Each structure stands twice: as C-alpha cells, then as structure tokens.
Amino acid sequence: MPDVAFIVLTIVVFAVLALAVRGVERLVGTDSADVENGVAR
Amino acid sequence: MSTAAAGWLQAGLLMLALAVCYRPLGDYMAHIFTTDSPHRKHWRIERGIYRLIGVDADVDQKWSTYLRGVLAFSAVSVLFLYGFQRLQEHLLLSLGLPAVKADGAFNTAVSFVTNTNWQWYSGESTMGHLVQMAGFAVQNFASSAVGIVVVIALIRGFARSRTDRVGNFWVDLTRTCLRLLLPISLVFALVLLAGGVVDNFSSAHTVTTLAGRHQVVTGGPVASQEAIKELGTNGGGFYNANSAHPFENPNPVTNLVEVFLILVIGVALTRTFGRMVGDRRQGYAILAVMAIIWVASTAAISFFESGRHSAAALAAGGALEGKEVRFGIPGSSLFAASTTVTSTGAVNTAHDSLSPLGGGIAILNMMLGEIAPGGTGSGLYGILVLAVVTVFVAGLMVGRTPEYLNKKIRPREMKLASLYILTTPALVLIGTGLAIALQGERAAILNPGAHGLSEILYAFTSTANNNGSAFAGLSVNTVWYNSVTGVVMLLGRFLPIVWVLALAGSLATQRMVPAGAGTLPTHKPLFIGMLLGVVILVVALTYFPAQALGPLAEGLS
C-alpha cells in the first residue's frame with residue numbers, strides 16, 4: 001500500500017510539471033509562428 | 001605552519017588549479033556541445049545508444065520537447081531507483097540488509113535524481129553495494145548531466161536566432177556522461193585511491209581497537225563514487241559521516257582534491273558560455289561575480305570559525321567542535337563554503353556545530369541560489385537568469401534598453417525570470433512555515449530557540465535548492481519529512497528547469513539585435529557590480545526575516 005501511495009505521488013508531481021509545460025508553452029509559443037521546422041520563415 | 005598560513009596556502013593552490021583547468025576544460029565542453037561535422041559528430045558507442053533508445057540524434061528539438069525529455073527521463077529514474085531500494089534484500093551485494101522503507105526509498109530516489117543527495121540514512125548500514133553502485137552512482141552521473149544540458153540549451157537560446165530548436169536532450173545527455181563526466185571521474189577516482197580512499201567489496205568487519213574496544217568497520221566501492229560525488233556536485237556520502245570519514249576523505253590533500261572537483265565544472269562552464277555566445281568577456285564577467293561571492297563566503301566562514309567567542313573556542317584556538325582535526329579550521333571552512341555555494345552538500349564538518357553566524361553564511365550561500373559557481377549547470381543557469389533581471393532593472397534605472405547578448409528582454413522573458421526567482425523562496429518559506437506550524441513536526445527539533453528554527457530553515461533551504469547538506473539536530477526520518485522534503489526537492493529542481501528551458505525557447509526565436517548606444521555593456525565592472533547588487537537585493541533580502549529569527553538572532557544573542 002505505501003508503495004502505491006509513493007508511486008502515485010511521484011506520477012502526480014511529474015504530471016503537474018507536465019501541465020506547467022503546457023501552460024508555459026502558451027506563454028512562449030506565440031513567437032514560434034515565425035519559425036517553421038526549426039528555421040525562420 | 002600556522003593555521004592562517006595553511007588556509008592561504010590551500011586557497012592559493014585551489015585557485016591555481018582552477019585557473020589552469022579553466023581554459024582547456026571550458027573549451028573542451030564548448031567543443032562537446034558544438035561538434036557539427038557529420039563525420040565526427042557522434043561516437044560509435046553513442047550511435048549505438050541512440051539506436052537502442054530510438055532517438056534520431058541528428059534532429060534538434062523545441063524547448064518543450066527538450067523539457068519533456070528531461071521530465072520523462074527523471075520520472076523513470078525516480079521510479080527505477082525507488083524499486084531498486086525496495087527490492088534490495090533480493091539483490092546481489094546487499095550485505096544482508098533489508099529493503100529500504102517506503103517513505104525513505106521515495107525520499108532517497110528523488111534526492112539522487114534531483115542532484116540533491118539529502119540523506120536521512122546512514123549509507124553503510126542501510127544501503128548495499130549494488131544499490132550504491134548501480135543506483136546512486138548512476139544517478140550521480142545522470143542528474144549532474146541533466147543540469148549541464150539545461151544550461152547548454154539556455155546558452156543556445158542566447159546564441160541562436162530565429163529558430164525554435166535548442167538542441168537534442170538525448171544527444172546532450174549522452175555526450176555529457178560519456179565525454180565529460182566519465183573520463184574525469186575515472187582519473188580522479190584513481191587519484192583519490194592513491195590518496196588513501198578505500199575501494200573494495202568488503203562488508204562490515206568487527207575489529208579490536210588499540211584501546212581494547214570493538215569497532216565495526218565497513219568497506220565498499222568508495223573511491224569510484226567519491227569522484228563523481230564531488231565532480232557532479234551531488235554530495236551523497238557512502239558513509240554517514242560523508243567527507244569527514246577517513247575512508248572517504250583521508251587527509252588534507254584528498255580534501256583539497258575534493259574541493260577542486262566540487263568547483264571545477266561550474267567554474268569552467270563560464271568559459272564554455274563565453275565561447276558559445278561568441279564573446280569570452282561575457283564569461284569572464286559572470287566568473288567575476290561568482291568569484292567575489294565565493295571568496296567573500298569562504299572568508300566569512302573562516303573568520304567566524306576562527307573567532308574565540310567561548311571558553312572552549314578560546315582554549316582550542318577556534319570553534320573546533322564538530323571539525324576534523326585532520327583538516328582544521330581552514331580545510332573545514334573552505335569545504336563548508338564550497339559545498340554550499342554549489343549544490344553539492346557533501347560535508348567534512350558538522351554544519352550544526354558551525355558558529356551561529358558561520359552557519360548563517362552556509363544557509364545564505366544556498367539561499368542565493370547556489371550560483372558561485374553553483375551546481376553543475378544549475379549554478380550557471382541561475383546566475384544567467386539573474387543577469388536577465390539585472391539588465392531589466394538597469395534599463396528601468398538609467399533608461400537603458402533591456403538587452404542581454406543581443407536579445408531583447410521583453411515582458412515574456414521577465415515573467416519567466418520572475419517565476420524562476422520566486423519558486424525556490426516559496427518552497428523554502430512555505431515548507432519551513434508548515435514544519436513550524438505543525439505540532440508533530442515541530443517536535444522533531446532537538447534544540448530549542450533560534451537554533452531550532454535554523455535547523456528547520458536549513459533543511460528546507462537545502463532540499464529546495466537541491467544541496468543536500470544538513471544541520472544535525474532535526475529528526476527528519478519520519479513519513480512527513482521524507483514525503484514533504486521529497487516533493488520540495490522535485491519542485492525545487494524541475495520547476496526552475498521549466499522556466500529556464502522556456503526562456504531558452506523564447507530567446508532562440510528572437511532575431512539578434514545589434515548593440516546600440518543605449519545598450520548596457522554586460523562585460524564591464526558596472527554590470528558586475530549591478531549583478532552583485534541584484535543577487536543581494538533581490539534574492540538575499542527575500543530571506544532576511546527568516547535569517548533574522550534564526551542564525552542572526554542566535555549569533556547576536
């Protein structure tokens with residue numbers, strides 16, 4: 001039982017971090033419209 | 001030789017060794033991360049690794065893909081290390097030790113993956129050799145490499161323009177381990193071995209001492225782990241006494257070698273930075289700020305530990321409680337300062353026994369964000385974020401255009417920099433506040449008054465900044481502390497990495513802006529002074545009330 005709790009805790013923290021990435025992507029992502037496949041349009 | 005002369009000699013030799021390595025190591029690291037020739041690009045063994053994990057090594061990634069690689073690799077590492085400890089009793093070389101308890105295994109797995117190496121346990125009586133070698137030592141390499149590759153991605157953000165690609169995480173990680181950390185660790189493992197550090201598969205032996213008493217002596221693969229422990233600014237000791245143990249750090253020479261290893265990559269990375277952005281003077285400016293903080297910190301701890309503030313210190317010629325006589329005050333102060341201005345956390349003295357103000361400096365070093373020169377990679381990306389804040393503040397103060405390395409510092413970059421400098425203080429102060437507020441957790445304090453607060457403050461400052469050293473006198477081996485400090489370590493490591501890689505992506509998409517009459521030169525003494533001011537005013541003052549109630553109150557009472 002404690003094993004399940006700590007594995008779930010680990011997954012939840014990394015899931016929160018992954019969600020933070022999604023949120024920050026919105027903040028940063030707008031300028032990416034200027035580049036396509038890694039190079040400037 | 002007098003104590004003062006020994007201190008000057010050690011500091012001089014250390015600075016000389018770092019100066020000798022600065023250019024070749026910095027240039028070599030720049031070469032590792034900028035090798036683009038198709039024929040020399042990947043080593044054969046590297047190509048094998050890329051094929052094995054299914055990575056297209058010739059394709060660069062966006063910052064978000066790079067970051068997802070960091071997070072996925074680290075999440076899998078935590079789960080693997082957790083399982084490894086929980087299954088210890090069934091593994092080879094377990095020395096008959098039982099499985100590590102669940103909350104302790106979680107805390108330790110997180111601790112090693114986040115480069116913290118906070119240890120609630122005694123290594124020699126809790127962990128078998130295989131867990132130490134195949135679990136912890138592997139993460140000593142990997143977690144250190146993760147810090148380095150993150151700062152390399154940030155540097156590419158400054159150096160590149162009009163692209164959304166900041167590199168390939170898997171390529172950077174593999175190269176860092178194979179081309180940088182492994183070779184240096186191998187050489188210095190042999191150096192430490194020659195200096196007297198043990199390395200064997202011996203289990204515990206009971207021996208009879210000269211006084212006729214019995215003592216349990218445990219051997220193990222120590223030298224091979226000691227080098228990467230310091231080089232990678234990890235700090236997790238094979239033994240509970242860490243680098244105060246004679247098998248881990250036998251004499252003043254090995255002590256100096258270990259301090260050198262703690263600092264060398266962080267120092268040389270400033271050269272790498274200068275090379276990669278095409279202006280070495282930028283690296284020298286950052287190095288100057290780091291050096292000023294390191295020298296001030298070492299001098300302050302040496303001063304406070306040499307003081308004769310009590311009858312015992314007066315009789316001993318300094319505050320020798322908790323210090324190894326092999327190293328004395330100079331070797332202990334040098335180590336204590338270097339381990340806390342980096343994210344190492346290895347110790348050769350009991351930090352709880354430092355004088356109140358000496359201990360306060362150790363806490364302050366961590367509170368500054370461990371930037372002088374900091375953890376491998378994490379120190380440099382920390383100070384680069386503060387450099388971004390500095391040019392923004394300079395722009396507000398004197399009407400300069402906020403630019404850094406030909407990139408505009410826009411509201412978006414400032415939001416990310418602000419999130420970076422707020423994250424760690426929030427974790428430290430909320431964690432400390434919670435521990436003080438909860439009656440059960442407050443009972444973990446073994447010393448009353450201001451020193452008790454310092455113990456909790458040190459614990460959360462150390463875990464949130466991924467340092468790993470500790471004041472003794474706090475019973476942290478509880479489910480609450482193991483769980484909460486585990487989460488603090490995860491958030492303290494990876495939230496700043498989220499902001500830093502997002503900053504790298506945001507900068508990389510910009511076009512280069514030529515320096516104009518309104519651009520603040522960032523390689524001159526004015527900028528160095530301003531950056532120091534930002535470090536003190538923006539970062540250190542955030543913690544001033546907590547410092548005032550803990551170390552300052554104790555030191556001035």
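Some notes on this structure:
- Selected residue (criterion: farthest from the other protein chains (Cβ to nearest Cβ)) from residues of the stretch B:488-524 that are of a type in the set (Gly, Ala, Ser) and buried (at least 24 other Cβ atoms within 10 Å of the Cβ): B:492
- Residue check, residue A:3 surrounded by 12 or more Cβ atoms within 10 Å (Cβ to Cβ), in a helix (DSSP H, G or I) and at pLDDT below 95: no
- Scanning the stretch B:306-335 for residues being touching a strand residue (DSSP E or B) at 6+ places or on another chain (Cβ under 6 Å) and not in a strand (DSSP E or B) gives a total of 2.
- Positions within the stretch B:143-188 being among the charged types (D, E, K, R) and either on the phi > 0 side of the Ramachandran plot or away from every other protein chain (no Cβ under 14 Å) (or both), in sequence order: B:162, B:172, B:175, B:179
- Residue ranges of strands (runs of 3 or more DSSP E) in the stretch B:137-243 with at least 2 members touching a residue at least 60 places away in the same chain (Cβ under 8 Å) and buried (at least 21 other Cβ atoms within 10 Å of the Cβ): B:165-167
The values are calculated or read from the model by the stated rules, or taken from the named source; none is laboratory data. All of these numbers come straight from a predicted model, not from anything done at the bench. Cβ atoms come from the backbone with ideal geometry, glycine included; neighbour counts cover every protein chain shown.
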